[in-house]
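This report refers to the structure that appears directly beneath it.
The values are calculated or read from the model by the stated rules, or taken from the named source; none is laboratory data. Not measured: the values here are computed from a predicted model. Don't worry about glycine lacking a Cβ; one is built from the backbone with ideal geometry, like all the others, and counts go over all protein chains shown. Note: areas computed on protein heavy atoms with side chains; ligands, DNA, RNA excluded. Shrake-Rupley method; radii C 1.70, N 1.55, O 1.52, S 1.80 Å.
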Amino acid sequence: MSDMTVDEYSRKLASDFLFYLEEEILHISPKTGAVIPFRLNQSQKMLHDAIEGQLKRQGYVRALVLKCRQPGVSTYIEGRFYWRTSQELGKTAMIVAHEDKAASRLFVMGKLFHERCPQLFRPATRFSNAKELVFDTDDGKGLKSQYIVQTAGSQRAGGRSYTLHYVHASEVSHWGEGGAAILGGLLESVPSEYPAKMGTEVIWETTANGLDPIFYEKWMEIVNADGATFENGVYAAKGKEYICIFIPYFYHDGYREQEPAKDPDEYETWLLSQKDLSGKNVDLFQIEWRRRKIESLVPPIGFTKEQFFKQEYPATPQEAFVSSGRGVFDTAKLLALIDAAPAPVARYDVIPGSHQWKSDPEGPLRVWKEPGGGSYVIGADVAEGLVHGDFSVADVVDHATGEQVAQWHGKIHPESFGDVLAALGKRYNGAWLVPERNNNGLLTVTRLERIGYKKLYVETIAEPPLRPRKRYGWVTSSKNKSMIIQELVKELDEGTHGLNGKDTLREMLVFKQHEDGKLGAIDGQNDDRVMARAIAGHVRKILPMVVPASVQQVKTVGWAAFK
């Protein structure tokens with residue numbers, strides 16, 4: 001106890017988890033089978049710092065943890081929750097696993113914590129059954145705290161009969177059908193009002209399971225929020241109570257071989273540029289472990305060995321989430337580009353009924369380069385404009401270089417989207433407009449014809465014996481879709497793509513060739529940005545490049561803003 005009094009020592013045990021561990025109160029049984037004191041590895045230290053940092057700033061913990069396999073995340077959380085419930089009065093911890101086997105393993109861990117806890121620190125236990133520890137005495141004068149482990153889908157897993165203070169949703173992306181309802185019940189059982197929520201802790205933890213509708217959607221809500229930051233493995237966004245913590249495989253101490261890898265390939269060379277928790281670059285010993293692990297894997301149907309490794313032992317969150325299938329674009333190149341993608345220099349929204357744009361930090365138009373003196377091409381993917389439907393996208397590229405200089409992305413009626421495109425074309429020197437004509441796009445194209453936009457993409461259709469006729473707008477077919485996507489693949493491979501938009505690159509990550517041969521985003525994801533960029537990239541090569549003497553490049557017909 002050093003120079004501390006008994007009371008000081010007790011308070012420190014109850015308030016400082018690291019001190020609690022230093023006193024060797026918790027014990028674990030690692031893969032060797034021995035029982036040893038629980039000491040944090042590097043991944044667990046990183047997790048501890050992130051959680052304690054949020055607790056200090058916010059007063060309670062709300063965290064999502066995306067991890068590689070077996071870095072000790074569950075061990076840390078279960079140890080932390082045992083510490084909480086065995087030291088505090090009237091607290092309940094609920095751990096919910098994805099399957100019975102995992103739930104049993106987690107409860108055995110908790111039982112070991114309790115059984116090997118020194119008598120001086122072990123709370124009185126009223127009873128202990130297969131999945132629950134109740135810290136109390138027969139006369140009810142004990143802690144009245146509980147440590148409970150359940151399986152997702154069991155009647156008690158929803159937590160509705162409890163007030164929960166500590167929740168661990170383990171492998172939540174694997175909870176399957178009904179998982180969202182179970183998680184919803186758990187969260188409803190945690191106090192959400194002030195001051196009751198202060199000190200509570202909710203941690204979702206998982207390896208990835210493709211783009212599942214629970215964990216992935218919540219993760220993307222945080223990391224894609226405006227102003228989101230990433231530091232020391234933690235994503236945080238102003239106004240969001242959850243943080244996202246990512247633990248790649250190379251953070252874990254044990255994932256390395258005794259011999260270094262030789263002749264690293266392009267992807268491995270990129271890996272060698274990544275840094276571990278100490279600030280050191282990934283080394284060839286970690287690369288060699290990766291190679292041997294990939295060789296030993298038996299992937300499920302639909303995965304290659306390397307795809308399966310990236311899901312189970314990811315180097316980036318994007319790797320973890322990209323699901324099986326024939327990915328069209330080079331993942332390694334995309335990941336490197338996402339890391340290096342520049343932020344927009346400005347954002348704007350159009351003034352209704354006008355071709356004028358106003359600065360707006362949340363505007364639908366993101367700009368990487370303001371209009372210069374050159375020529376531009378705008379490709380557009382048109383959605384139906386419903387609140388719960390897809391997004392419409394307009395991608396502005398430099399006619400000469402193909403560089404992505406701006407992008408409009410939002411939900412809008414197709415006819416009104418025509419007005420936005422005209423205003424955007426006006427802003428970019430009377431740019432060529434190439435809206436997709438398919439389905440809802442016909443309304444957009446018709447609007448642009450009616451207001452008399454001059455540089456509107458047109459094709460000549462010859463169908464003998466009929467006379468040749470003009471058709472405005474781009475019509476996507478299975479044949480030309482494959483062509484323009486392959487052109488974008490080539491541009492990515494050659495480094496001539498000019499892509500600046502991080503969201504476009506993310507959509508390219510989940511763009512694949514499906515089993516029926518069709519190209520598009522995996523289920524539940526969008527490819528609007530990919531298609532807008534692919535259309536613009538193709539058409540710029542065939543349209544005449546005429547730099548206008550003035551930005552007044554539209555007819556004076558049909559819309560007052562263009563008179």
(message) Checking the conditions here, which among ARG326, ARG366 is at pLDDT below 95, more than 21 Å from VAL282 (Cα to Cα) and touching a His at 6+ places or on another chain (Cβ under 9 Å)?
(response) ARG326
(request) Could you tell me which of the residues TYR60, TYR82 is touching a Ser or Thr at 6+ places or on another chain (Cβ under 6 Å), at pLDDT 95 or above and either open to solvent by less than 50 Å² (accessible area, probe 1.4 Å) or more than 24 Å from GLU193 (Cα to Cα) (or both)? (result) TYR60
(request) Can you run down the residue pairs with Cβ atoms below 8 Å, 6 or more apart or on separate chains, where the first is in region 426-443 and under 22 Å from LYS369 (Cβ atoms) and the partner is among the charged types (D, E, K, R)? (result) GLY430/LYS454; GLY430/LYS455; ALA431/LYS455; TRP432/LYS455; TRP432/ARG540; LEU433/LYS455
(message) Criterion first (in contact with a strand residue (DSSP E or B) (Cβ under 7 Å, 6 or more places away or on another chain), more than 25 Å from GLY185 (Cβ to Cβ), open to solvent by 20 Å² or more (accessible area, probe 1.4 Å) and not acidic (Asp, Glu)) does ARG126 satisfy it?
(response) yes
(request) Within region 227-255, work out how many residues are at negative phi, in a loop (DSSP other than H, G, I, E, B) and out of contact with any Gly (no Cβ under 9 Å at 6 or more places or on another chain). (result) 7
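Residues are listed down the side, and each one gets a yes or a no for (1) more than 17 Å from PHE321 (Cα to Cα); (2) not in a loop (DSSP other than H, G, I, E, B):
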{"residue": "LEU488", "(1), (2)": "yes, yes"}
{"residue": "LEU499", "(1), (2)": "yes, no"}
{"residue": "ARG506", "(1), (2)": "no, yes"}
{"residue": "ALA536", "(1), (2)": "yes, yes"}
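Condition check ((1) open to solvent by less than 50 Å² (accessible area, probe 1.4 Å); (2) farther than 21 Å from TYR376 by Cα; (3) at pLDDT 80 or above) across all residues:
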site	(1), (2), (3)
LEU509	yes, yes, yes
GLN525	yes, yes, no
ALA532	yes, no, yes
ILE535	yes, no, yes
VAL539	yes, no, yes
ILE542	no, no, yes
MET545	no, no, no
GLN552	no, no, no
VAL557	no, yes, no
(message) For the structure I just gave you, tell me whether ALA14 is within 26 Å of ASN209 (Cβ to Cβ) and either more than 30 Å from the chain's Cα centre (by Cα) or surrounded by 14 or more Cβ atoms within 10 Å (Cβ to Cβ) (or both).
(response) no
(request) Determine, yes or no, whether ILE95 is in contact with a helix residue (DSSP H, G or I) (Cβ under 9 Å, 6 or more places away or on another chain), in a helix (DSSP H, G or I), crowded, with 17+ Cβ neighbours inside 10 Å and in contact (Cβ under 8 Å) with a residue 40 or more places away in the chain. (result) no
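Listed here are the residues, each with its yes/no results for (1) surrounded by fewer than 21 Cβ atoms within 10 Å (Cβ to Cβ); (2) under 25 Å from ILE25 (Cα atoms); (3) in contact with a Pro (Cβ under 6 Å, 6 or more places away or on another chain).
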{"site": "PHE107", "(1), (2), (3)": "no, yes, no"}
{"site": "LYS111", "(1), (2), (3)": "yes, yes, no"}
{"site": "PHE121", "(1), (2), (3)": "yes, yes, no"}
{"site": "GLU132", "(1), (2), (3)": "yes, yes, no"}
{"site": "GLY142", "(1), (2), (3)": "yes, yes, no"}
{"site": "SER173", "(1), (2), (3)": "no, no, no"}
{"site": "GLY179", "(1), (2), (3)": "no, no, no"}
{"site": "GLY184", "(1), (2), (3)": "yes, no, no"}
(request) Considering (1) closer than 30 Å to TYR428 by Cα; (2) open to solvent by 10 Å² or more (accessible area, probe 1.4 Å), say which one PRO300 fails and leave the rest. (result) (1)
(request) Keeping to region 332-355, report how many residues are within 19 Å of ASN429 (Cβ to Cβ) and touching a residue at least 24 places away in the same chain (Cβ under 8 Å). (result) 5
(request) For LYS333, indicate whether it is under 25 Å from ASN224 (Cβ atoms), basic (Lys, Arg) and out of contact with any Ser or Thr (no Cβ under 8 Å at 6 or more places or on another chain). (result) yes
(message) What's the total number of residues in region 261-284 that are in a helix (DSSP H, G or I), over 20 Å from THR207 (Cβ atoms) and open to solvent by less than 70 Å² (accessible area, probe 1.4 Å)?
(response) 4
(request) Restricting attention to region 191-206, report how many residues are surrounded by fewer than 20 Cβ atoms within 10 Å (Cβ to Cβ), charged (D, E, K, R) and under 26 Å from PHE246 (Cβ atoms). (result) 1
(request) Please determine, by comparing only the residues of region 420-456 that are of a type in the set (Lys, Arg) and outside any helix (DSSP H, G or I), which one is least open to solvent (accessible area, probe 1.4 Å). (result) LYS455
(message) For region 159-169, check the following and say yes or no: at least one residue is in contact with a Lys or Arg (Cβ under 6 Å, 6 or more places away or on another chain), surrounded by 22 or more Cβ atoms within 10 Å (Cβ to Cβ) and touching a residue at least 24 places away in the same chain (Cβ under 8 Å).
(response) yes
(request) Can you confirm whether region 487-495 contains a residue that is closer than 19 Å to LYS541 by Cα, open to solvent by 70 Å² or more (accessible area, probe 1.4 Å), of a type in the set (A, V, I, L, M, F, W, C) and touching a residue at least 24 places away in the same chain (Cβ under 8 Å)? (result) no
(message) Just to check your reading of the model, which residue among PRO71, PRO30 is under 26 Å from GLN150 (Cβ atoms), open to solvent by less than 30 Å² (accessible area, probe 1.4 Å) and not basic (Lys, Arg)?
(response) PRO71
(message) Give all pairs with beta carbons closer than 8 Å in which a residue from region 182-209 that is over 14 Å from ARG62 (Cα atoms) meets a residue that is among the acidic types (Asp, Glu) and open to solvent by 10 Å² or more (accessible area, probe 1.4 Å); count only pairs at least 6 apart in sequence or on separate chains.
(response) THR206/GLU171; THR207/GLU171; THR207/GLU312
(request) Out of PHE230, PHE250, report the one residue that is crowded, with 18+ Cβ neighbours inside 10 Å and under 20 Å from LYS45 (Cα atoms). (result) PHE250
(message) Cβ-Cβ distance below 6 Å, separation of 6 or more or different chains: which pairs start in region 226-242 with a residue that is farther than 16 Å from PRO342 by Cβ and end on one that is open to solvent by 40 Å² or more (accessible area, probe 1.4 Å) and not in a loop (DSSP other than H, G, I, E, B)?
(response) ALA236/THR229
(message) If SER10 meets every condition in (1) out of contact with any Asp or Glu (no Cβ under 9 Å at 6 or more places or on another chain); (2) modelled with pLDDT of 90 or more; (3) within 30 Å of PRO195 (Cβ to Cβ); (4) polar (S, T, N, Q) apart from one, which number is that one?
(response) (2)
